[in-house]
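Here is the structure we will look at.
The values are calculated or read from the model by the stated rules, or taken from the named source; none is laboratory data. Quick caveat: nothing in here was measured; it's all calculated off a predicted structure. With ideal geometry, Cβ positions are generated from the backbone for all residues, glycine too; neighbour counts draw on all protein chains shown.
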């Protein structure tokens, strides 16, 4: 059963349609099933925060809609539920910061799953860059979400670099210094690839529908490593 069926189940049981209370409702309704709670919360976070990001930017391009569906791969029978959540989030009076804080609060109850906050940020970057550029309003939105999530400026810069399509600093993408020995670069690269394998994301509660996030992340790590490897080869 996909995360979208779970969202539909949640929406049917949540009191009213006040989207700002969804994360708290997830905590109570799915309190006895932490893994399911994480999957549902993750799905809601991406839908709600991407809707808020679109509102902040002022424009939703066809490319961004396609990027959204690349991540979600929404089954036909669940399109109505996802669209309903998205529209509710855009209209909700609660700001995006409230959603981000709710996700951070939920994450505190399951510390081992806190890497999911970076997964959420990666998904938002994927949508933001879909039209060929990350605009100023979008970058400010993403930086503020990262701040609320407790990510350092350096960590945000590393995540951002993964999404720069070859323009980012490959050493920053891998989190190593430009003067690091190549063996250290290779060890770091292998560690990151293993850490970001799709199976690892699923194990920490990321729904299977979102594995595009892991695939894109690994592709960015591969590209950074290959760029460094070429640069380090003797002339």
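Scan the range 211-235 for residues that are over 18 Å from residue 199 (Cα atoms) and exposed (fewer than 14 other Cβ atoms within 10 Å of the Cβ) and report the count.
7
For residue 145, state whether it is at pLDDT 90 or above, under 13 Å from the mean Cα position of the chain (by Cα) and over 30 Å from residue 76 (Cβ atoms).
Details: at pLDDT 90 or above: yes; under 13 Å from the mean Cα position of the chain (by Cα): yes; over 30 Å from residue 76 (Cβ atoms): yes.
Answer is yes for this residue.
For the subset of the range 123-137 comprising residues that are assigned to a helix (DSSP H, G or I), modelled with pLDDT under 90 and buried (at least 16 other Cβ atoms within 10 Å of the Cβ), which member is nearest to the chain's Cα centre (by Cα)?
123
Out of all the residues in the range 171-193, is one or more at pLDDT below 90 and touching a helix residue (DSSP H, G or I) at 6+ places or on another chain (Cβ under 9 Å)?
So the first thing to find is which residues in the range 171-193 are at pLDDT below 90, and the list is none.
No: zero hits.
Restricting to the range 193-208, count the residues that are surrounded by fewer than 19 Cβ atoms within 10 Å (Cβ to Cβ) and part of a helix (DSSP H, G or I). Walk me through how you get there before you give the answer.
The first filter runs over the range 193-208 and keeps only residues surrounded by fewer than 19 Cβ atoms within 10 Å (Cβ to Cβ), leaving 193-195, 197-200, 202-204, 208.
Filter once more, so that each one left must be part of a helix (DSSP H, G or I): 193-195, 198-200, 202-203, 208.
Looking only at that region, the number is 9.
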